[in-house]
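First up is the structure itself, then whatever we jot down about it.
The values are calculated or read from the model by the stated rules, or taken from the named source; none is laboratory data. Note that the coordinates shown come from a computational prediction; the quantities given were computed from them, not determined experimentally. We place every Cβ from the backbone using ideal geometry, glycine too, and count neighbours over all the protein chains shown. Surface accessibility is based on the protein's heavy atoms, side chains included, excluding ligands, DNA and RNA. Shrake-Rupley method; radii C 1.70, N 1.55, O 1.52, S 1.80 Å.
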Amino acid sequence: MALSRRAFLACLGAGAGAALGGLFRSAGGLRREPPLLRPPGALDEPDFLAACTRCGQCVEVCPFDTLKLAGPGQGVAAGTPFFNPEEVPCELCEGYDDLKCITICPTGALQPVKQRADIRIGTAVVNEETCFAFNGVSCRSCWHKCPFTDRGAITFDDLLRPVISEEACVGCGICTLACPTEPTSIPVRPRSWPDVLRRGDASTES
Ligand code: SF4
Ligand code: SF4
């Protein structure tokens with residue numbers, strides 16, 4: 001089971017903690033706004049915007065309170081559904097027979113998938129500047145929480161640093177929330193939005 005941020009820091013030695021304090025400040029100072037993600041099954045962004053009637057049914061039905069309706073100035077079209085995995089990831093309707101938001105969407109803005117592994121919300125991207133494992137501290141928090149480790153969504157290189165499979169990652173953002181750094185070192189790059197978070201520049205300013 002993954003440690004919380006607080007528990008993780010409590011486990012660190014004083015020296016490592018001091019060093020990583022600077023790393024947190026650095027990450028915080030350079031942080032850009034987290035990308036907002038569309039619900040699973042969403043059409044490509046232009047088609048999604050055309051199809052979604054802003055009815056809000058997907059938001060209401062989500063059993064995990066993942067989805068929100070955008071307000072003015074939130075970075076996505078007002079009234080459209082989104083989620084921020086740093087607050088609540090998509091739990092892929094774990095424990096339910098279907099993906100509730102897709103099932104209820106009356107317009108086809110959210111398209112059915114054959115299986116959960118076919119979802120493509122986006123792809124997790126490791127910020128190597130702030131990820132513990134890339135800075136000499138053992139950490140597997142993202143891997144422990146990932147629902148698709150059996151498909152190799154997150155593996156480790158020879159130096160025990162996380163590697164993301166673009167083929168297997170569904171972009172649920174569960175690892176994003178599990179990451180103990182503040183801000184997270186593994187945001188999700190949205191599938192069909194501008195490529196604002198490329199590997200290696202995830203911590204640069206907007
Ligand atoms: S798949 Fe389930 S948990 Fe994920 S956003 Fe849709 S309703 Fe919510
Ligand atoms: S249920 Fe479908 S049409 Fe309604 S807000 Fe959600 S995505 Fe848009």
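The distance between label points at residue 158 and residue 97 comes to 5.0 nm (points 7 Å beyond Cα on the Cα→Cβ vector). Percent relative contact order of segment 35-190, based on C-alpha pairs within less than 8 angstrom and at least six residues apart? That works out to 27 percent. Computed with a 1.4 Å probe on the full set of protein chains, the accessible area for residue 100 sits at about 60 Å². Of the GluC sites (Glu not before Pro) in segment 126-171, the ones in a loop by DSSP (not H, G, I, E or B) with at most 14 other beta carbons within 10 Å are 166, 167.
Accessible surface comparison of 47, 98, probe 1.4 Å, protein chains only, largest first: the order is 47, 98. Can you tell me which aspartates and glutamates have their Cα less than 15 Å from the Cα of residue 100? Leave out same-chain residues fewer than eight positions away. Cross-link targets: 60, 65, 91.
Accessible area per residue for segment 132-191 is 44 Å², calculated with a 1.4 Å probe on protein heavy atoms, without ligands, DNA or RNA.
With the simple spin-label model, which puts each label point 7 Å out from Cα in the Cβ direction, the residue 140 to residue 78 separation comes to 4.8 nm.
Annotation: residue 103 carries an accessible surface of approximately 90 Å², with a 1.4 Å probe and no ligand, DNA or RNA atoms counted. Spin-label model, residue 65/residue 120: points 7 Å from Cα along the beta carbon direction are separated by 3.3 nm. Taking the 1.4 Å solvent-accessible surface of segment 35-190 as the whole, the part contributed by carbon and sulfur is 49%.
Prolate is the label for segment 35-190, because the ratio a/c of its alpha-carbon gyration tensor axes (a ≥ b ≥ c) is 1.5 or higher and a/b is greater than b/c.
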